1. Quick check on residue 83: is it open to solvent by less than 10 Å² (accessible area, probe 1.4 Å) and under 24 Å from residue 37 (Cβ atoms)?
2. Only residues that are open to solvent by less than 40 Å² (accessible area, probe 1.4 Å), at pLDDT 85 or above and either acidic (Asp, Glu) or not in a helix (DSSP H, G or I) (or both): list them for the range 175-199, please.
3. Given the criterion without any contact (Cβ under 8 Å) to a residue 40 or more places away in the chain, open to solvent by less than 10 Å² (accessible area, probe 1.4 Å) and in contact with a strand residue (DSSP E or B) (Cβ under 7 Å, 6 or more places away or on another chain), identify the matching residue among 13, 35, 47, 8.
4. What's the number of the condition residue 132 fails, among (1) more than 20 Å from residue 16 (Cβ to Cβ); (2) surrounded by 21 or more Cβ atoms within 10 Å (Cβ to Cβ); (3) of a type outside the set (S, T, N, Q)?
5. Collect the residues in the range 206-215 that are in a helix (DSSP H, G or I) and under 13 Å from the mean Cα position of the chain (by Cα), keeping them in residue-number order.
6. Taking the range 222-239, which residues are loosely packed, with under 11 Cβ neighbours inside 10 Å and of a type in the set (Val, Ile, Thr)?
7. Of all residues in the range 42-65, how many are within 16 Å of residue 83 (Cβ to Cβ) and either part of a helix (DSSP H, G or I) or of a type in the set (Phe, Trp, Tyr) (or both)?
8. Any residue at all in the range 95-104 that's in a strand (DSSP E or B) and surrounded by fewer than 22 Cβ atoms within 10 Å (Cβ to Cβ)?
Amino acid sequence: MIQNNKRAIVIGASSGIGYEVAKLLVKEGWLVGVAARRVQLMQNIGAVAIEQIDVTSENATELLQRLISKTGGMDLFFYASGIGKQNRDLQEDIELATLQTNGVGFTRMIGAAYRYFAQQGRGHIAAITSIAGTKGLGPAPSYSATKAMQNVYIQALEQQAHARGLNIHFTDIRPGFVDTALLSGNYHYPMMLKPEKVAMKIIRAINHRQHVRVIDWRYRILTAIWRRIPRFLWRRFKF
């Protein structure tokens, strides 16, 4: 284990990408504080501190501050919380829950980390967004819309931090389909990625302080093509 004396907070560490990234950070010698709604699933990560946090709760930022204190500080804030479902029937509860978690919860927690690092004078914010923010996807309207919002929000904060002379780095991580509980169900997703391999690529992106990282190369090609499809053609696509 490499001892680097740095401290990381991982939000959404109970499963999937967040869980795997937290384990890799511990392996690299980071002191890691983890948080999620399901505390019992984080017990074997090797974290120095654990907190139960629901990002949609109004007290989430207070609990984050408590977790930072228990961890001894924060140099890296890694955000992996999120929900998403196909919603072709546009069920209201699904749309609003997605907005609450991916929109309000994301803004609440990323904002708290930004303010902490602004006061501290340095820090690194890395967040899982998605390639779904590239274009509006008909099967998952609120999911793709909130992911686009997350992409733009990180970009805006990066610009603001530069304008204010703040030493805050940002990494927008945009995976394709990853084999996690988020994509469980009967629908078959193409080019499925394993969370363990995705986590390794994320750690490299963080260590190299990349601004945007699309995972993997197949999705980089795919999203590059998507961006070039004009609107009048895109609306005719069937997913």
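1. Working: open to solvent by less than 10 Å² (accessible area, probe 1.4 Å): no; under 24 Å from residue 37 (Cβ atoms): yes.
Taking the combined requirement at face value, the residue does not satisfy it.
2. Filtering the range 175-199 down to residues open to solvent by less than 40 Å² (accessible area, probe 1.4 Å) leaves 175-176, 178, 180, 183, 189, 193, 195, 198-199.
If we keep only those that are at pLDDT 85 or above as well, we get 175, 195, 198-199.
Result: 175, single match.
3. Details: 13 fails: without any contact (Cβ under 8 Å) to a residue 40 or more places away in the chain; 47 fails: open to solvent by less than 10 Å² (accessible area, probe 1.4 Å); 8 fails: without any contact (Cβ under 8 Å) to a residue 40 or more places away in the chain.
Residue meeting the stated conditions: 35.
4. (1)
5. From the range 206-215, those in a helix (DSSP H, G or I) are 206-207; that's our starting set.
Selection gives 206 alone.
6. Just the residues of the range 222-239 that are loosely packed, with under 11 Cβ neighbours inside 10 Å, to begin with: 225, 227-228, 230-233, 235-236, 238-239.
Scanning the range 222-239 gives a single hit, 225.
7. First, pick out the residues of the range 42-65 that are within 16 Å of residue 83 (Cβ to Cβ): 53-57, 60.
Adding the requirement that they be either part of a helix (DSSP H, G or I) or of a type in the set (Phe, Trp, Tyr) (or both) leaves 60.
Counting residues in the range 42-65 that are within 16 Å of residue 83 (Cβ to Cβ) and either part of a helix (DSSP H, G or I) or of a type in the set (Phe, Trp, Tyr) (or both) gives 1.
8. First pass over the range 95-104, keeping only residues in a strand (DSSP E or B): none.
No, the range 95-104 contains no residue that is in a strand (DSSP E or B) and surrounded by fewer than 22 Cβ atoms within 10 Å (Cβ to Cβ).
The values are calculated or read from the model by the stated rules, or taken from the named source; none is laboratory data. These numbers were taken from a predicted model, which means no experiment stands behind them. Don't worry about glycine lacking a Cβ; one is built from the backbone with ideal geometry, like all the others, and counts go over all protein chains shown. Quick note on the areas: whole protein, heavy atoms, side chains included, nothing else; ligands and nucleic acids left out. Shrake-Rupley method; radii C 1.70, N 1.55, O 1.52, S 1.80 Å.
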